[in-house]
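Below is one structure, written out as C-alpha coordinates, with a few remarks after it.
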Amino acid sequence: MANNVKLLLKESIKHVGRVGDIVEVSAGYARNYLVPKDLAVEPTPGNVKKVEERKKEIERIEKARRGEQEKLIAKLKGVEVHLERRANEQGHLFGSVGATDIAKQLQSQGFDVNPDDINLPGKLDRVADYAVVVSFADDLEAELKVWVHADAESKAAMDAFAKSKQAETPAAE
(Lines give C-alpha, C1' and ligand atoms only; values in the text may rest on other atoms or scores of the structure.)
Protein backbone atom coordinates (compact mmCIF):
# COMPACT_ATOMS: atom_id res chain seq x y z
CA MET A 1 0.00 0.00 0.00
CA ALA A 2 1.47 3.35 -1.05
CA ASN A 3 1.83 5.97 1.65
CA ASN A 4 2.38 8.87 -0.75
CA VAL A 5 0.88 9.89 -4.07
CA LYS A 6 2.05 12.36 -6.69
CA LEU A 7 -0.42 15.07 -7.65
CA LEU A 8 -0.41 18.13 -9.88
CA LEU A 9 -1.50 21.25 -7.98
CA LYS A 10 -4.23 23.37 -9.57
CA GLU A 11 -3.95 26.04 -6.85
CA SER A 12 -1.10 27.32 -4.68
CA ILE A 13 -1.30 25.80 -1.21
CA LYS A 14 0.70 27.11 1.72
CA HIS A 15 3.39 24.67 2.89
CA VAL A 16 2.64 22.28 -0.01
CA GLY A 17 3.49 23.96 -3.31
CA ARG A 18 2.59 26.39 -6.06
CA VAL A 19 0.30 26.04 -9.06
CA GLY A 20 1.68 23.57 -11.61
CA ASP A 21 4.00 21.82 -9.15
CA ILE A 22 3.94 18.05 -9.01
CA VAL A 23 4.05 17.28 -5.30
CA GLU A 24 4.18 14.11 -3.26
CA VAL A 25 1.61 14.08 -0.46
CA SER A 26 0.12 11.43 1.79
CA ALA A 27 -2.67 9.36 0.28
CA GLY A 28 -5.12 10.48 2.97
CA TYR A 29 -4.42 14.18 2.40
CA ALA A 30 -4.92 13.69 -1.34
CA ARG A 31 -8.06 11.57 -0.98
CA ASN A 32 -9.75 13.61 1.75
CA TYR A 33 -8.74 17.18 0.98
CA LEU A 34 -6.88 18.00 -2.25
CA VAL A 35 -8.90 15.97 -4.76
CA PRO A 36 -12.43 16.61 -3.33
CA LYS A 37 -11.78 20.38 -3.15
CA ASP A 38 -10.46 20.30 -6.75
CA LEU A 39 -7.06 21.66 -5.67
CA ALA A 40 -5.04 18.89 -7.32
CA VAL A 41 -5.35 16.27 -10.08
CA GLU A 42 -3.43 13.28 -11.34
CA PRO A 43 -0.35 14.47 -13.30
CA THR A 44 -1.33 13.17 -16.76
CA PRO A 45 0.05 14.96 -19.86
CA GLY A 46 -3.41 16.43 -20.61
CA ASN A 47 -3.81 17.75 -17.07
CA VAL A 48 -0.28 19.19 -17.09
CA LYS A 49 -1.10 21.12 -20.29
CA LYS A 50 -4.36 22.50 -18.82
CA VAL A 51 -2.69 23.57 -15.58
CA GLU A 52 0.22 25.23 -17.45
CA GLU A 53 -2.27 27.51 -19.23
CA ARG A 54 -3.95 28.37 -15.93
CA LYS A 55 -0.56 28.80 -14.21
CA LYS A 56 0.28 31.89 -16.30
CA GLU A 57 -2.97 33.59 -15.29
CA ILE A 58 -2.52 32.69 -11.62
CA GLU A 59 1.11 33.90 -11.62
CA ARG A 60 -0.08 37.28 -12.95
CA ILE A 61 -2.71 37.47 -10.19
CA GLU A 62 -0.18 36.42 -7.52
CA LYS A 63 2.29 39.05 -8.75
CA ALA A 64 -0.37 41.75 -8.36
CA ARG A 65 -1.31 40.38 -4.91
CA ARG A 66 2.34 40.38 -3.87
CA GLY A 67 2.61 44.05 -4.85
CA GLU A 68 -0.40 44.85 -2.67
CA GLN A 69 1.08 42.80 0.19
CA GLU A 70 4.40 44.68 -0.06
CA LYS A 71 2.52 47.98 0.29
CA LEU A 72 0.52 46.59 3.23
CA ILE A 73 3.71 45.39 5.00
CA ALA A 74 5.18 48.89 4.62
CA LYS A 75 2.02 50.38 6.20
CA LEU A 76 1.95 47.79 9.02
CA LYS A 77 5.43 48.65 10.35
CA GLY A 78 4.93 50.51 13.60
CA VAL A 79 1.21 49.74 13.89
CA GLU A 80 -0.10 49.02 17.37
CA VAL A 81 -3.17 46.96 18.24
CA HIS A 82 -4.97 47.59 21.53
CA LEU A 83 -7.31 44.91 22.88
CA GLU A 84 -9.30 45.05 26.10
CA ARG A 85 -10.13 41.80 27.90
CA ARG A 86 -11.37 40.58 31.29
CA ALA A 87 -8.62 39.40 33.60
CA ASN A 88 -8.20 38.19 37.17
CA GLU A 89 -6.40 40.23 39.84
CA GLN A 90 -2.97 38.77 38.88
CA GLY A 91 -3.38 39.87 35.25
CA HIS A 92 -4.24 36.48 33.71
CA LEU A 93 -6.90 36.73 31.02
CA PHE A 94 -10.13 34.73 31.10
CA GLY A 95 -9.36 33.14 27.74
CA SER A 96 -6.42 34.04 25.56
CA VAL A 97 -6.16 36.47 22.65
CA GLY A 98 -5.91 34.69 19.30
CA ALA A 99 -4.87 35.52 15.77
CA THR A 100 -8.53 36.00 14.83
CA ASP A 101 -8.94 38.74 17.46
CA ILE A 102 -5.87 40.57 16.17
CA ALA A 103 -6.95 40.18 12.52
CA LYS A 104 -10.42 41.59 13.29
CA GLN A 105 -8.86 44.59 15.04
CA LEU A 106 -6.49 45.19 12.10
CA GLN A 107 -9.40 44.89 9.65
CA SER A 108 -11.33 47.49 11.63
CA GLN A 109 -8.30 49.78 11.22
CA GLY A 110 -8.44 49.24 7.44
CA PHE A 111 -5.73 46.59 6.97
CA ASP A 112 -6.60 43.50 4.92
CA VAL A 113 -5.00 40.82 7.14
CA ASN A 114 -6.26 37.26 7.63
CA PRO A 115 -5.72 35.24 10.83
CA ASP A 116 -3.56 32.79 8.83
CA ASP A 117 -1.06 35.59 8.17
CA ILE A 118 -0.48 36.29 11.88
CA ASN A 119 2.24 34.41 13.79
CA LEU A 120 1.82 34.58 17.56
CA PRO A 121 4.85 34.31 19.89
CA GLY A 122 2.95 31.83 22.08
CA LYS A 123 -0.17 32.17 24.18
CA LEU A 124 -1.34 35.73 24.69
CA ASP A 125 -2.98 35.08 28.04
CA ARG A 126 -1.77 37.93 30.27
CA VAL A 127 -2.29 41.68 30.46
CA ALA A 128 0.92 42.78 28.72
CA ASP A 129 2.36 43.90 25.41
CA TYR A 130 3.47 41.40 22.78
CA ALA A 131 5.43 41.49 19.53
CA VAL A 132 3.43 39.74 16.80
CA VAL A 133 4.64 39.02 13.27
CA VAL A 134 2.40 39.44 10.22
CA SER A 135 3.83 37.31 7.43
CA PHE A 136 2.57 36.93 3.86
CA ALA A 137 5.69 35.15 2.59
CA ASP A 138 9.15 34.31 3.95
CA ASP A 139 10.47 37.70 2.87
CA LEU A 140 7.29 39.75 3.50
CA GLU A 141 7.04 40.23 7.25
CA ALA A 142 6.19 43.07 9.60
CA GLU A 143 6.35 43.11 13.38
CA LEU A 144 3.65 44.93 15.26
CA LYS A 145 2.88 45.58 18.91
CA VAL A 146 -0.22 44.08 20.47
CA TRP A 147 -1.23 45.65 23.77
CA VAL A 148 -3.61 43.58 25.88
CA HIS A 149 -5.31 45.77 28.49
CA ALA A 150 -7.61 44.80 31.33
CA ASP A 151 -11.19 46.09 31.18
CA ALA A 152 -12.28 48.65 33.79
CA GLU A 153 -13.68 46.11 36.25
CA SER A 154 -10.62 43.86 36.02
CA LYS A 155 -8.26 46.86 36.28
CA ALA A 156 -9.93 47.89 39.55
CA ALA A 157 -9.52 44.35 40.92
CA MET A 158 -5.86 44.28 39.84
CA ASP A 159 -5.18 47.64 41.51
CA ALA A 160 -6.88 46.52 44.74
CA PHE A 161 -4.85 43.29 44.71
CA ALA A 162 -1.59 45.22 44.19
CA LYS A 163 -2.42 47.60 47.07
CA SER A 164 -3.23 44.69 49.38
CA LYS A 165 0.11 43.06 48.50
CA GLN A 166 1.95 46.35 49.24
CA ALA A 167 0.12 46.64 52.56
CA GLU A 168 1.10 43.07 53.53
CA THR A 169 4.79 43.46 52.66
CA PRO A 170 5.72 46.17 55.25
CA ALA A 171 3.67 44.40 57.97
CA ALA A 172 5.53 41.15 57.43
CA GLU A 173 8.95 42.78 57.92
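A few remarks follow.
- Of all residues making up segment 106-127, the number that are surrounded by fewer than 16 Cβ atoms within 10 Å (Cβ to Cβ), over 20 Å from Arg86 (Cα atoms) and among the charged types (D, E, K, R): 2
- When Ala99, Ala30, Ala40 are checked against the criterion of being under 30 Å from Asn4 (Cα atoms), at pLDDT 90 or above and touching a helix residue (DSSP H, G or I) at 6+ places or on another chain (Cβ under 8 Å), a single residue qualifies: Ala40.
Conditions (1) among the β-branched types (Val, Ile, Thr); (2) closer than 30 Å to Ser108 by Cβ; (3) in contact with a Cys (Cβ under 8 Å, 6 or more places away or on another chain), marked per residue:
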residue	(1), (2), (3)
Leu7	no, no, no
Lys14	no, yes, no
Ala27	no, no, no
Arg31	no, no, no
Val41	yes, no, no
Glu59	no, no, no
Lys63	no, yes, no
Gln90	no, yes, no
Phe94	no, yes, no
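- Residue in segment 130-150 that is modelled with the lowest pLDDT, counting only those that are surrounded by 12 or more Cβ atoms within 10 Å (Cβ to Cβ) and of a type in the set (Asp, Glu): Glu141
- Enumeration of residues in segment 17-32 that are exposed (fewer than 14 other Cβ atoms within 10 Å of the Cβ) and either in a helix (DSSP H, G or I) or at positive phi (or both): Ala27, Gly28, Arg31, Asn32
- Among residues of segment 64-93 that are within 18 Å of Leu144 (Cα to Cα), those with a Cβ under 6 angstrom from a residue that is among the β-branched types (Val, Ile, Thr), sequence gap 6+ or separate chain, pair up as Leu76/Val134; Val81/Ile102; Val81/Val146; Leu83/Val97; Leu83/Val148.
- Some residue of segment 124-140 being within 30 Å of Val16 (Cβ to Cβ), under 17 Å from the mean Cα position of the chain (by Cα) and in a loop (DSSP other than H, G, I, E, B): yes
- Among residues of segment 33-52, those that are surrounded by 11 or more Cβ atoms within 10 Å (Cβ to Cβ) and assigned to a helix (DSSP H, G or I), counted: 7
- Number of positions in segment 141-170 that are closer than 18 Å to Ser96 by Cα, part of a strand (DSSP E or B) and either small (Gly, Ala, Ser) or not assigned by TED's automatic domain parsing to the domain that holds Gly91 (or both): 1
- Where Lys49 falls short, out of the listed (1) within 24 Å of Ala142 (Cβ to Cβ); (2) assigned by TED's automatic domain parsing to the domain that holds Leu8; (3) modelled with pLDDT of 85 or more: (1)
- Members of segment 55-104 that are assigned to a strand (DSSP E or B) and surrounded by fewer than 15 Cβ atoms within 10 Å (Cβ to Cβ): Glu80, His82, Glu84, His92, Phe94, Gly95
- Looking only at residues of segment 1-16 that are surrounded by fewer than 18 Cβ atoms within 10 Å (Cβ to Cβ) and among the charged types (D, E, K, R), we find that the one that is modelled with the highest pLDDT is Lys6.
The values are calculated or read from the model by the stated rules, or taken from the named source; none is laboratory data. A quick note: this is a predicted structure, and the numbers were derived from the prediction, not measured. Heads up, the Cβs are rebuilt from the backbone with ideal geometry, glycines too, and the neighbour counts pull from every protein chain shown.
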